[in-house]
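Report on the following structure.
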Amino acid sequence: MLCLGWNTKAYSQSVSGRIYELDANMHEQSMPGVNIYWINTQSGTTTDSKGEFRLSSQGIKDQRLIVSFMGYKTDTLPVRGLSRLDYRLRPTNKQLSTVEVSGTTNSSFISGMDPRKVQVVTSKELRRAACCNLAESFETNSSVDVNYADAITGARQIQLLGLSGVYSQVITENVPLVRGLGSSFGMGYIPGSWMESIQLSKGASSVVNGFESTTGQINVEFKKPSTADRFFVNAYLNHRGRAELNADVASKLGDKLSTMSFIHLSRFNNPADANNDLFMDQPKVSTVNLMNRWDYMVPNKYVSRLGIKYLNEQRISGFMDFDPDTFRQDTIGIDEGLKTYGLKVKTQRLESFWKNGLMFENKPDRSVALIVSGIYHDQEGFFGLNSYNGIQKSFYANLLYQDIIGNPNHKFTTGMSFMYDNYKESYNRTDFTYLYQVAGGDLDNISDSLFTIYSYKDTLFSMDRREIVPGAFLEYTLNLKDKFTLIAGLRVDHHNTYGTFYTPRMHLRYKIRPETILRASIGKGYRTANIFAENYSIMASQRVIHFVNTPKQEEAWNMGVNLTHDFSLFTRDAQLDIEAYRTWFVNQVIVDLDSMPADVFIYNLDGKSYSNIFQVQLTLEPIKRFTLLAAFRLNDVHVTENGKLREKAMVNAYKGLLTASYATKYGKWKVDVTAQFNGKARIPDTQKMPAALQRPGYSPSYMQLLAQITRHFKKFDVYLGGENLGNFTQNNPITEYWRPYHTHFDTSMVWGPIVGTTIYAGFRYTLK
């Protein structure tokens, strides 16, 4: 069947556990020789001398275990989603009123059945931290880095495989809605409590979902009205004054129709200036986010999902005393040393999607699907004397057909897509020219009084464009006895500006042993850069902008290999994951902050640009209900700027991650601790600046610590946590902050956290 979402059924490759009974003194006694097998199959095992067992779940659709032993009651246990099971046998001559079954499910795991390297992040993993939105949901993830894009707007950007998140395709239930002008703030538009799960794939993704993915794909699955709890509410408050309220209500209107409504309210209006640079450490933000969805399902025949989402957000930042209502956006007072500086960005966004799937009862492998979606994004704001306005109108349609060739070992998916984008962007900025009143031109010792404006120039940048891209694709899947899987895909698209281009992608999966899987992938990706919407730090700074040539379509290749090995350690499940990926660009739009410290040059790549990533990760459970994850990643990312190949700025040389999670029996208490280790990162060249403004060539290495404790009750949870518990922050994130209208005023030099220790608390209430 053609899925309208990712397959997340394979929660673990195996189920392990222990079978025991209680003796006369109510002490646990291990039971060797107990028969355990999957229902309606001959696939099974017996417990060893310690009562332990391990049984593969690969290829098992009905995941119920039969547990039997002579003289004891035979029982059927549903274990879907469990990786560990402890079960107490009961003698047949005793009838007990309760059945004690306890188990653990991995909150984040690598799908063993998918030929692609797909990491599934469940709602359980999302609750290990406050997870207020998608951008903040990767704090416990070893693959995705989350950093501030600049020192003033509060935009959070991700890095995957050492490259900016714009090279990763972010989709919601296989619909590409987080793109275009929403790329800088878009991940903050998806509240964490709305999400059912996240599927993260690295490298080239399926051609079915388009051509824009290069380094990976992040697919968000929202809660479904047919399976969600009737009512859920989550309230969050931190000691800095950020407050959030999330709620969702699900209703079943019959056997086939169901609906669900979501609400997210967020407000922060209590800025602080802990680093004494006159600027707010965090912007004032108020957000209203609403969504309503409808599902109509006829089992094995028809599925229809319809949704609409609305967002209204306002951001205000700048000097601590900045008031956007009284601010005059003109040049009056500049010559007298005007100090007032601030920004205000207002966003209104409307998204909609409609997904339809048609199945055939007598042809279970045949299905047809149609997905359509639309985006209206309206953003306007100003950054000091500079103003920005952007409107995006987008439409997307994808028609898919899936079937087999002869038998289920040969499957194919084919179809046609259509993408329409209409962008209207304008950026009006004022560039100032200064006289330096310093004897002999010595600028090593400068102060406010040494500069006098003698001219200024207004420049209007208009980035209007319309993109029309029809396309077609074919993807073939070969599966040989679950030992070897090949996915080969090709799509062809025609762009109204860039012409016809081809996107080939291939994935391999080989099961070396039942517990060892090797994967490999290679593929191509394309995208059109949104210069201003993806680089708010340029608009919030005073660097003079130079377009050296007309930006072209970005084009890159990605290839990678991954080895996953499941094994037993401390008599419990453990997993080792090793991977290496390389991305190299055929063309890339370079935003050059190195050549001149008071300028930014934008041009097409002329030389090499690549990213090499190596990562190793170990997951284990040393004792019952205590899980550890340790990961280490090396980043080798280089780009050619102005004819010179150099390390890409603001990319850490390495990242280490250590997470620990412990739950008491029955999960009443849970403690989660995460330590992040961030290596040094190159800072854009400042050697041509006055000595007082120059920065070191590299940032220092630093560590961040996060922790949360949760108390679970019958219908609600209460949690208390902290972020950046070591209180490490970057000094002077804004260059020349005291003179915001001078060309050296720069908000882009952010390599570390800006906000210190944050303590938060909240509760979750669930009505089943």
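So if each residue of separation counts as 0.36 nm, and I subtract the Cα-Cα distance between Phe567 and Ile66, what length gain in nm does that give?
Stretched fully, the Phe567-Ile66 segment lengthens by 178.0 nm.
Cα to Cα, under 26 Å, and not fewer than 8 places away if on the same chain: which lysines meet these conditions relative to Lys309?
Lys124, Lys223, Lys224, Lys252, Lys256, Lys284, Lys344, Lys346, Lys355, Lys393, Lys424, Lys768
How many times 2.2 N^0.38 Å is the alpha carbon radius of gyration of the chain?
Against the empirical 2.2 N^0.38 Å value, I get 1.01 for the chain.
In sequence order, what are the phi-derived ³J(HN,Hα) couplings for segment 229-237 according to the Karplus relation 6.51 cos²θ - 1.76 cosθ + 1.60 with θ = phi - 60°, rounded to whole Hz, with x for glycine and proline?
After applying 6.51 cos²θ - 1.76 cosθ + 1.60, I find 5, 4, 8, 9, 9, 9, 10, 9, 8 Hz.
Could you give the nm distance between label points at Ala574 and Val298, where each point is 7 Å from its Cα heading toward the beta carbon?
Spacing of the two 7 Å Cα→Cβ label points: 5.3 nm.
Return the distance in nm (one decimal) between the two label points of a simple spin-label model at Ala247 and Asp599, each offset 7 Å from Cα along Cα→Cβ.
Each label point is offset 7 Å from its Cα along the Cβ direction, giving 5.6 nm.
I need the calculated FRET efficiency for the pair Thr340 and Asp606, taking r as the beta carbon distance and R₀ as 35 Å, to the nearest 0.05.
Values: r = 41 Å, r/R0 = 1.17.
Taking R0 as 35 Å, the efficiency between Thr340 and Asp606 is 0.30.
Expressed in nm to one decimal, what extension gain is obtained for the pair Val586 and Lys768 from 0.36 nm per residue of sequence separation less their Cα-Cα distance?
Values: separation 182, 0.36 × 182 = 65.52 nm, distance 5.21 nm.
Extra length available between Val586 and Lys768 comes to 60.3 nm.
Distance from a point 7 Å along Cα→Cβ of Lys714 to each backbone N in segment 725-768: keep the residues under 20 Å and list them by number.
763-768
Return the FRET efficiency for the residue pair Asp48, Ser286: r is the Cβ-Cβ distance, R0 is 56 Å, and the value is rounded to the nearest 0.05.
E between Asp48 and Ser286, to the nearest 0.05, is 0.40.
Mark the label point 7 Å from the Cα of Tyr310 along Cα→Cβ and return the residues of segment 245-266 whose backbone N is within less than 13 Å of it.
Residues 262-264 fall inside that zone.
Once fully extended, how much extra length lies between Tyr502 and Trp738, figured as 0.36 nm per residue of separation less the alpha-carbon to alpha-carbon distance? Before the final figure, lay out each step's value.
On the way: separation 236, 0.36 × 236 = 84.96 nm, distance 5.03 nm.
Length gained between Tyr502 and Trp738: 79.9 nm.
If neighbour count is taken as other Cβ atoms inside 10 Å, put Ser30, Ser304 in order from fewest to most.
So the residues, fewest neighbours to most, are Ser30, Ser304.
Counting Lys +1, Arg +1, Asp -1, Glu -1, what net charge surrounds Asn635 among other residues with beta carbon under 10 Å of its beta carbon?
Summing Lys and Arg as +1 and Asp and Glu as -1 gives 0.
Using the Karplus equation 6.51 cos²θ - 1.76 cosθ + 1.60 (θ = phi - 60°), what ³J(HN,Hα) coupling, rounded to whole Hz, does each residue of segment 347-354 give in order, writing x for Gly and Pro?
So the J values, rounded to whole Hz, are 10, 10, 9, 10, 10, 8, 8, 9.
Pop a pseudo-label 7 angstrom from the Cα along the beta-carbon direction at both Asn731 and Phe395 and give the gap in nm to one decimal.
My value for the distance between the label points is 5.7 nm.
Per residue of the chain, what 222 nm ellipticity follows from adding -39500 (n - 2.57) for every DSSP H run with n ≥ 4, rounded to the nearest 500?
Helix contribution divided over all residues of the chain: 0 deg cm²/dmol.
Could you give the dipole magnitude of the chain about its Cα centre, charging the beta-carbon of Lys and Arg +1 and that of Asp and Glu -1, in debye to the nearest 20? Write down the numbers at each step before the final one.
Values: 84 positive and 74 negative charges, 630 e Å.
In debye, rounded to 20, the chain gives about 3020.
Coordinate-derived values only; no laboratory data. Fair warning: this is a prediction, and the values are worked out from it, not measured in the lab. A quick note on method: Cβ atoms are made from the backbone with ideal geometry, for glycine too, and the neighbour counts reach across all protein chains shown.
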